Structure formats: C-alpha cells, structure tokens
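Quick notes on the structure that follows.
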Amino acid sequence: MYIIGKREFISLFKGIKSVIIVIMLLVTSYYSAKFSNVLASGMELTAKEAENIHTLGLLTLIVLFGQLFVMGLSHDSLNRETHERTIRFLVTRTSRTSIILGKFLGIWLFWLICLMISFLLISIFSQKIDVFIFSQIMSLLTYQIGLTILLSVLIPKPGFTMFLGIMVGLAFPIIGFWVSITSNVWVSWMKFITPYYYLNREDYTFLVIVLLAGIMLVIANLIFNRREC
C-alpha cells in the first residue's frame, strides 16, 4: 500500500498539469492574502469573516474548482492500471484493497502538501494558520479524492473519465450549492451527500464530509474487488 501511495504521490508532482495547478494555488494564496485588506474594505463582513479574509481566495478556488483539479490529475488513477494491464502485476504483489488505499493515500498526501504550502504563504500576511479552515478545505479535498477514485473504478475507460472529469468538475459545485439551499423536497435530501451543506455550518459537522469520502472508498473497493482484471 505504501509503495503504491509513494509512486502515486511522486507521479503527481511530475506532470505539467500538476505544476500548473500548484502554481495557481500558490499565486491565488499569495495575492489574495496580500490584498485581503482591499477585499475587506469593499465587502460587508462580520468580525469572524474579516478575521479569515486572508484565506478567501484559496477557499473560493478550491470550492469552485477543486473537483476539476482533482479529477484533472487523478481521473485515471485506477482505470489506467486496468486499461494498461498493469493491474495484473499489482494484484500478484498486494491486495486490491491495498491498491485502492495506496492510490488514495498518494493523492491525499499530494493535496495535503499543496494545501500546507498555500497556508504557509497565507500566514506570512495573516500571522497565523487557521486550523479550522485548513481542516474544512482538507475535508473537502478528501471528499473530492474519494469521488474521483470511485468514478475511476466505475468507468473502465480513462478517456471517458477525462471527459467526465471536466463535466463533473464544472457542474458539481453548482449542483451541490443548489441542492444545499433549495426547498424542493424531491432533491433537497441530496444536500446530505454533498460537502457544501456541511461547509456552510460553522461547527465541526464538516467531519461528516470525511465520513462520506470513506463510504465512497468502501464502495469503490467492493466494486474493484469483484471486477476481473
């Protein structure tokens, strides 16, 4: 599991798409924190919101485009192995559950490092690291990684998950926010399986997002274990 995770982690830092996304995160974090006072002066904020204004740019970027970023980099994390037949070699060395967990761990660590560096940049201007907001964003990324792995297991063709990744990445935040605020009884129940409902709350119920990610990983593992190589 750890070897697979290490390989996935290192491979994510090698691609040009990864470099571009990391640069976007760092540039957004730096400039939004640097000019946070300008943003605050043009907005009506509560004392709590004004205190956390330095993280606004990064939070907005991850909320709106996080799913697109994660799927853009890792949409084929599992189905690529199946498509290229390398899965046959892996299953002789370790269990399928270890493959799923290793892939998840590698991707999760990549985003953890990216987020930590971004918050270190922000702390230059804010003089602190907001652990609560950091945990919220990391829980959202954990959910997005879990969904990406589940789709990579469900859909065997890497080319299709790349297309689907763009569609899901763009549409998911819009649909997620809509079901979180809609009063339509036919779809309002869906807010409980999307992360945005829990992010809107100012308590630790966002930990439910991590639980939802775990459920998606369990489903992905069950499907993956029953699939022929």
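Scanning the range 164-186 for residues that are surrounded by 13 or more Cβ atoms within 10 Å (Cβ to Cβ) and small (Gly, Ala, Ser) gives GLY165, GLY169, GLY176, SER180. For the range 90-136, filtered to residues that are of a type in the set (S, T, N, Q) and not in a helix (DSSP H, G or I), the residue that is surrounded by the fewest Cβ atoms within 10 Å (Cβ to Cβ) is GLN127. Residue-level analysis places VAL179 outside the set of residues that are in a helix (DSSP H, G or I), free of Cβ contacts under 8 Å to residues at least 40 places away in the same chain and within 24 Å of ILE100 (Cα to Cα).
Conditions (1) at pLDDT 85 or above; (2) under 21 Å from LYS17 (Cα atoms), marked per residue:
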{"position": "GLY72", "(1), (2)": "yes, yes"}
{"position": "ILE87", "(1), (2)": "no, no"}
{"position": "CYS114", "(1), (2)": "yes, yes"}
{"position": "SER123", "(1), (2)": "yes, no"}
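Return yes or no: is SER139 in contact with a Pro (Cβ under 8 Å, 6 or more places away or on another chain), touching a residue at least 12 places away in the same chain (Cβ under 8 Å) and assigned to a helix (DSSP H, G or I)? Taking the combined requirement at face value, the residue satisfies it. If only residues of the range 151-163 that are in a helix (DSSP H, G or I) and surrounded by fewer than 17 Cβ atoms within 10 Å (Cβ to Cβ) are counted, the one that is modelled with the highest pLDDT is LEU154.
The values are calculated or read from the model by the stated rules, or taken from the named source; none is laboratory data. Predicted, not measured: the structure shown is a model, and the values here were computed from it. Every residue, glycine as well, gets a Cβ built from its backbone with ideal geometry; the counts of neighbours run over all protein chains shown.
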